[in-house]
Amino acid sequence: MSKILIIEDDLSIRHFVTTLLTTQKYDVIEAGDGQTGFALALSHNPAVIILDLGLPDMDGVDWINNYRILINAIIIVVTARDDHPSKVAALDAGADDYLTKPFNSGELLARIRVAFRHVADKNSVSSASDEFLYRDLHIDFDKSRVYLKNIEVHLTPIEHQILLFLARNQGRVCTSRMIIKEIWGNTITEGDAQNLRVVMANLRRKIEPSTTQPIYILTHTGVGYRFNDE
Amino acid sequence: MNREKFVKHFRNSVIVLLFLASATIFSFWLRELKWPEATIILTYLLSVFFTSRLSEGFIYGIIASLGSVISFNFFFTQPYYTLRVSTPDYFYTFGIMLIVSIITGTLTQKVTIETKLADEREARIKMLIEVSREFFQAMNLDQAISSLQSRLSHILRTEVFIVTYSLKEKQMVVYPSTKLNRQFQKAVDDCLKESQHLSIAINQDVLLRHHFFPVRSKTGPTGVIVIPQVDLTAAEKELIEACCAQLALAQDRQRWIEKQQESLLEIEQERMRVQLLSAISHDLRTPLSSIIGSVQTIVENYDSLNKDIILDLLGNVSSDSQWLLETVENILSMMRIQDGTIGFDFQRHIVEEIFEEVLSIFSSVKTHRITIDIPKEAVFVYVDSKLIIKVLINLIQNAIKYTPKSTQILLSAKKQKNMVIFEVADLGPGLSDGEKLRIFDRFYSFKTKSQRTRQGLGLGLSICKSIVEAHGGTIRVLDNHPTGCRFVFTLKIKGDENHE
């Protein structure tokens, strides 16, 4: 079950990642381009895919757009382009997480651990829990109530929806676009992103112990938000 | 116009008749007093003198002279009320009287005209001096041109338009701001094309015309002075041409200054590029040789090296590559800023989200304690979040690098009017005044006592400065109390219209 597919054209990086992951007792398969990667993903059914966005035969974002529907794995994209738009595009296309080159081994291993926890959650999700518990935060989906240290927190309907959305996607970076689409519907303008930031600021004040060192909802500036899962 | 001429003739005729009548009436009184005839002649001469002084044109002086002689003859020589004379010596008297009065009249007239001309000339010269002074001192050419336009209108007592044409932007500006009608626009175009004085007749009138004077600068025609519907004298034309020359000169000067500034900027950029290149090649080679050397040593002597030495060498490799990464990132940001704000991703961000990201980067730092001070309410800033995070990271990294272990670093933000003031304050040794002056210069790096830390390119703070300034803010370094320094910078809460 701990099978990882690496799709990356740079030999040194692939080698270093493979070595690192093998020492951690993961089962690693490698692909040097998108086509091979897709074939291996179908035949081996890995739990996690580490996908480089700059592939020789196709753009990584296109790869996700084309194959996401056929692949059940958690996808972590790796990009050397340090710009928000490419990360956002990959996440919107269906990637679960991202890493920016150069990354260090600790970072990579942490993301992989998170990814496997997701895989485990995904399998147990069938039980469709009607409760969410993380640290002092308790969400009762059935009664649609939120408690912090057993005291009910009063949220506006929008704050409530956003919190539920992020909690259901715990550990996954949700782009602003994804959240806006979920809450407000389809049309997205620059003003919406700003409104979202205001709503998040209010939500943060209601549930976080510190606004600059949040423990529940983490900000990925310029990309989106993620519910903490560490 | 004909009406105007008529009024002028009428006024002059009235003057002639008035003085002639007054002289005649006065002379009747003199005759009653039985004063000598000569006083009557002198009275008439005086009237001719006044007529010439007050009327315009020599012809009225001459008419007055003739009128005087005839009146004298008619009223005051025997036989009275006829044009005949009793003795022929009167003809001599008439002749003298006529000659004297004509000479008096013309001389007076001449003086009058000359005074008037001198006044006008003086006014024009004064105006030209003013105009040239304004052009010379003008920080703003627009303003000087507007002023020229109003002065010219005033002195010519008519409407004046100045059209400037920028060769570079192919754009016309009209002072005062109006839209020229099609006929004028075409004439202006022709005037620019031919670079020659153009006058267009209106109706059948020969004298009244629209005038177009080209402004000829060194690079070609760059404007037109338009004076609609006037009859210009030669002197007025000269004045307008002088104004055109002044304007051309001012435009040339302006262009020259702009060009000089541009080339200065280019030289400065070129100098920086060369400096940067040499600094980069030196500073990149050093850590690279260390990395290559360490790794090769390990590869070639793996069996003979003990574990501690290998780990030590690899530690160097790790820190050197980290250093290389930072340097490359800095160089990349600097290149991005040099292209201006075109590639910037300006958005309204909330300060706490930016701080959150900065803090997460320093979460593993155990040597210093980073504390935060921000307003309770959410505060927006209009920034490219990645670049501002970079500024804060650079400032905090500096604070960590140059202040003693376990001291505190304060990261704060507060709102002031339409700005947010950010601050990174440390409790380190602080900076001397000389260092404070040079600290934002490119390639300035601190002298550290530690031999382990590699000296940077000194790019970090100069990049911070460039980023903050590209956002329309300012950055300064101040003393902190009791010790240390405070890096303070401002950012806008809202963007300008052209950003949004």
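Against the condition assigned to a loop (DSSP other than H, G, I, E, B) and free of Cβ contacts under 8 Å to residues at least 24 places away in the same chain, how does B:Lys179 come out, does it pass? When the stated conditions are applied, B:Lys179 passes them. Of the helices (runs of 4 or more DSSP H) contained entirely in the stretch A:30-139, those carrying at least 2 residues that are surrounded by fewer than 19 Cβ atoms within 10 Å (Cβ to Cβ), at pLDDT 90 or above and among the hydroxyl-bearing types (Ser, Thr, Tyr) fall at A:34-44.
Which of the residues belonging to the stretch B:2-19 are surrounded by 16 or more Cβ atoms within 10 Å (Cβ to Cβ) and either of a type outside the set (A, V, I, L, M, F, W, C) or over 60 Å from the mean Cα position of the chain (by Cα) (or both)? So that I can check it myself, show each step before the final result.
The initial filter retains those residues of the stretch B:2-19 that are surrounded by 16 or more Cβ atoms within 10 Å (Cβ to Cβ), namely B:12, B:15-16, B:19.
Once the filter is applied, which keeps residues that are surrounded by 16 or more Cβ atoms within 10 Å (Cβ to Cβ) and either of a type outside the set (A, V, I, L, M, F, W, C) or over 60 Å from the mean Cα position of the chain (by Cα) (or both), the stretch B:2-19 yields only B:Asn12.
Would you be able to say whether some residue in the stretch A:145-164 is surrounded by 15 or more Cβ atoms within 10 Å (Cβ to Cβ) and of a type in the set (Phe, Trp, Tyr)? No, every residue in the stretch A:145-164 fails to be surrounded by 15 or more Cβ atoms within 10 Å (Cβ to Cβ) and of a type in the set (Phe, Trp, Tyr).
Whether any residue in the stretch A:210-222 is in a helix (DSSP H, G or I), of a type outside the set (Asp, Glu) and either at negative phi or more than 8 Å from every other protein chain (Cβ to nearest Cβ) (or both) is what I want to check. No, that holds for no residue. Of the numbered criteria (1) more than 30 Å from A:Ala115 (Cβ to Cβ); (2) charged (D, E, K, R); (3) away from chain B (no Cβ under 14 Å), the one A:Arg205 fails is (3).
Assessment of the stretch B:130-138 against the conditions (in a helix (DSSP H, G or I), under 30 Å from B:Gly61 (Cβ atoms) and modelled with pLDDT of 85 or more) yields no matching residue.
For the stretch B:65-123, filtered to residues that are within 30 Å of B:Leu239 (Cβ to Cβ) and surrounded by 18 or more Cβ atoms within 10 Å (Cβ to Cβ), the residue that is nearest to the chain's Cα centre (by Cα) is B:Gln109.
Scan the stretch B:124-158 for residues that are surrounded by 15 or more Cβ atoms within 10 Å (Cβ to Cβ) and under 25 Å from the mean Cα position of the chain (by Cα) and the total you get is 19. Remark: pairs (first residue in the stretch A:79-96, over 17 Å from A:Gly171 (Cα atoms); second residue in a loop (DSSP other than H, G, I, E, B) and of a type in the set (S, T, N, Q); Cβ separation under 9 Å; 6+ apart in sequence or on different chains) = A:His84/A:Thr221.
Take the conditions (1) at pLDDT below 90; (2) within 10 Å of chain A (Cβ to nearest Cβ); B:Phe380 misses just one of them, which is (1). Does the stretch A:184-200 include one or more residues that are surrounded by fewer than 19 Cβ atoms within 10 Å (Cβ to Cβ), out of contact with any Gly (no Cβ under 6 Å at 6 or more places or on another chain), away from chain B (no Cβ under 14 Å) and touching a residue at least 40 places away in the same chain (Cβ under 8 Å)? No, because not a single residue in the stretch A:184-200 is surrounded by fewer than 19 Cβ atoms within 10 Å (Cβ to Cβ), out of contact with any Gly (no Cβ under 6 Å at 6 or more places or on another chain), away from chain B (no Cβ under 14 Å) and touching a residue at least 40 places away in the same chain (Cβ under 8 Å).
Which residues, taken from the stretch B:370-426, are of a type in the set (Phe, Trp, Tyr) and in contact with a Gly (Cβ under 8 Å, 6 or more places away or on another chain)?
Kept after step one, since they are of a type in the set (Phe, Trp, Tyr), are these residues of the stretch B:370-426: B:380, B:382, B:402, B:422.
Once the filter is applied, which keeps residues that are of a type in the set (Phe, Trp, Tyr) and in contact with a Gly (Cβ under 8 Å, 6 or more places away or on another chain), the stretch B:370-426 yields B:Tyr382, B:Tyr402.
A residue that is more than 25 Å from B:Ala144 (Cβ to Cβ), assigned to a helix (DSSP H, G or I), assigned by TED's automatic domain parsing to the domain that holds B:Leu192 and free of Cβ contacts under 8 Å to residues at least 60 places away in the same chain can be found somewhere in the stretch B:219-242. Taken over the stretch B:334-380, residues that are under 17 Å from A:Gly224 (Cα atoms), among the aliphatic types (A, V, I, L, M) and either touching a residue at least 60 places away in the same chain (Cβ under 8 Å) or in a loop (DSSP other than H, G, I, E, B) (or both) amount to 1. Please determine whether any residue of the stretch B:193-201 is crowded, with 19+ Cβ neighbours inside 10 Å, touching a Lys or Arg at 6+ places or on another chain (Cβ under 9 Å) and in a strand (DSSP E or B). No: zero hits. Checking each residue of the stretch B:115-129 against the condition of being of a type outside the set (A, V, I, L, M), modelled with pLDDT of 85 or more and closer than 22 Å to B:Glu258 by Cα gives no match.
One line per residue, one yes/no per condition, for (1) charged (D, E, K, R); (2) within 18 Å of B:Asn394 (Cβ to Cβ); (3) more than 8 Å from chain A (Cβ to nearest Cβ):
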{"site": "B:Leu324", "(1), (2), (3)": "no, yes, yes"}
{"site": "B:Ile337", "(1), (2), (3)": "no, yes, yes"}
{"site": "B:Phe344", "(1), (2), (3)": "no, yes, yes"}
{"site": "B:Glu353", "(1), (2), (3)": "yes, no, no"}
{"site": "B:Glu357", "(1), (2), (3)": "yes, yes, no"}
{"site": "B:Lys366", "(1), (2), (3)": "yes, no, yes"}
{"site": "B:Arg369", "(1), (2), (3)": "yes, no, yes"}
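Within the stretch B:282-289, the presence of a residue that is among the basic types (Lys, Arg), surrounded by fewer than 18 Cβ atoms within 10 Å (Cβ to Cβ) and modelled with pLDDT of 85 or more is excluded. Answer yes if at least one residue in the stretch A:171-178 is touching a helix residue (DSSP H, G or I) at 6+ places or on another chain (Cβ under 8 Å), without any contact (Cβ under 8 Å) to a residue 24 or more places away in the chain and assigned to a helix (DSSP H, G or I), and no otherwise. No, the stretch A:171-178 contains no residue that is touching a helix residue (DSSP H, G or I) at 6+ places or on another chain (Cβ under 8 Å), without any contact (Cβ under 8 Å) to a residue 24 or more places away in the chain and assigned to a helix (DSSP H, G or I).
With the structure loaded, tell me whether B:Lys386 is surrounded by fewer than 21 Cβ atoms within 10 Å (Cβ to Cβ), within 38 Å of the chain's Cα centre (by Cα) and not hydrophobic (A, V, I, L, M, F, W, C) or whether it fails that test. Spell out how you get there, then give the answer.
Details: surrounded by fewer than 21 Cβ atoms within 10 Å (Cβ to Cβ): yes; within 38 Å of the chain's Cα centre (by Cα): yes; not hydrophobic (A, V, I, L, M, F, W, C): yes.
Yes.
The values are calculated or read from the model by the stated rules, or taken from the named source; none is laboratory data. Worth saying up front: this structure is predicted, and the values here are computed from it rather than measured. All Cβ positions, glycine included, derive from the backbone under ideal geometry; neighbour counts span all protein chains shown.
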